[in-house]
1. Which of the three applies to the stretch 105-223, rounded, prolate or oblate, going by the alpha-carbon gyration tensor with a ≥ b ≥ c and a/c under 1.5 meaning rounded?
2. Per residue, how much accessible surface does the stretch 21-112 expose to a 1.4 Å probe? Answer in Å², no decimals.
3. Between rounded, prolate and oblate, where does the chain land on the alpha carbon gyration tensor, with a ≥ b ≥ c its root eigenvalues, rounded for a/c under 1.5, else prolate if a/b exceeds b/c?
4. Sum up the charges of everything whose Cβ sits under 14 Å from the Cβ of ARG26, counting Lys and Arg as +1 and Asp and Glu as -1, but leave ARG26 out.
5. Label the stretch 190-277 by shape, choosing from rounded, prolate and oblate, from the square roots a ≥ b ≥ c of the eigenvalues of the Cα gyration tensor; if a/c is under 1.5 it is rounded, and otherwise prolate applies when a/b is larger than b/c, oblate when it is not.
6. Share of the chain's accessible area from carbon and sulfur, percent, 1.4 Å?
7. Would you mind working out the accessible area per residue for the stretch 202-255, using a 1.4 Å probe, and quoting it in Å²?
8. Any chance you could run the full-extension gain for LEU170 through LEU35? It's 0.36 nm times the residue separation minus the Cα-Cα distance, nm to one decimal.
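The values are calculated or read from the model by the stated rules, or taken from the named source; none is laboratory data. Quantities reported herein were computed from a predicted structural model and do not represent experimental measurements. For neighbour counting, all protein chains shown are included, and Cβ atoms are generated from backbone atoms with ideal geometry for every residue, glycine included. Please note that ligands, DNA and RNA were not included when accessible areas were found on the heavy atoms of the full protein model with its side chains. Shrake-Rupley method; radii C 1.70, N 1.55, O 1.52, S 1.80 Å.
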Amino acid sequence: AGGNRLEVFTEDMRVSVRERLAAEARLRQALTGHLPWTLPLWFQPVVSTVNGQIVGAEALVRMRLPDGKILSPFHFIGAAEETGLIVALGEHVLRSAFDHLLYWSSHLGYVSVNVSPRQLADPGFVPMLAGLLAEHPELDPSRLVLEITETAVLASTVDVGERLATIKRLGVRIALDDFGTGYSSLTWLKSVPADVVKLDRSFVAGLAEDQRKASIISAVLWLARSLGMSTIAEGVEEMADWEALRAAGCPAVQGYFFSEPQPPEEFQAMLINRKCV
Ligand code: C2E
Ligand code: CA
Ligand code: CA
């Protein structure tokens, strides 16, 4: 991929040029034509291992096609990044996530939102975020979490550490997404003032049968705790993994074992019925 970066693609990860152009056209239309329902957010619960309660949710964007079909971000985030549409998409996602949190305020602790490298580098990002918080002084800013990946930091031309420090001063929390998959995870941990580590699912899936994974997880949990950070394990699909994580003292988890990302109506029903308990 250039710049000493190697990216691995498998057959089913390939998005055709035609599909990409179509996605780009739809994105542009949705964002400039004010068609927010074509870019809905789905929500996946984050569950406490202490009491099985839903403590928060990750907002994950989807694209709704005219025929009702739903596209995963894999089909359009790349195009959004390359064209710069990610800045407008990111603002839409942040505002929409914020609106949902306000609406579910008494049932949901926090909502977390993915922020891409290009978005973080945009000079308008922090003012937009500050403006959004100022519009809703009734909401504690720590109930908003921004998820960033290591590539966001490496790929950026701006001083990300400084930008993140500014964001933290607003009271918003920061999570290190896909933790462990980059090649400078410890440097990242040292230099970024984050609140949460999101342990990548490659360390989590099958951990109950893999002593090496279990050891890595214990070490990351200890390291995060020592740095005053919380940990969320991603990609928990099996009961055995949930039990192993709980035994290891991982405070919270996310994954298909509890729930896939859900449309807002379904997520709301889950919040109210506490189906995750
Ligand atoms: P991510 O931030 O790592 O999000 C987690 C992805 O893992 C989600 O895929 C989720 O559906 C999936 N997942 C959750 N639990 C499990 C599990 O138990 N097993 C497995 N195999 N997968 C699980 P999704 O929704 O397709 O999103 C893919 C990626 O697209 C996200 O990865 C994130 O990087 C990006 N993305 C999603 N929404 C946004 C957004 O609003 N803005 C930006 N910039 N990126 C986004
Ligand atoms: Ca994420
Ligand atoms: Ca992740």
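1. Working: a/c = 2.57, a/b = 1.52, b/c = 1.69.
Oblate, because a/c is 1.5 or more while a/b does not exceed b/c.
2. Numbers: 3910 Å² over 92 residues.
Solvent-accessible surface per residue comes out at 42 Å².
3. On the way: a/c = 1.29, a/b = 1.22, b/c = 1.06.
It comes out rounded by the Cα gyration axes.
4. Details: positive: ARG18, ARG20, ARG28, ARG62, ARG64, LYS69; negative: GLU19, GLU24, ASP67.
Its environment carries a net charge of +3.
5. Numbers: a/c = 2.33, a/b = 1.42, b/c = 1.64.
In terms of gyration-tensor shape, oblate.
6. After summing per-atom areas, the C and S share lands at 55 percent.
7. Details: 2670 Å² over 54 residues.
Result: 49 Å² of accessible area for each residue.
8. Values: separation 135, 0.36 × 135 = 48.60 nm, distance 2.97 nm.
Gain in length upon complete extension: 45.6 nm.
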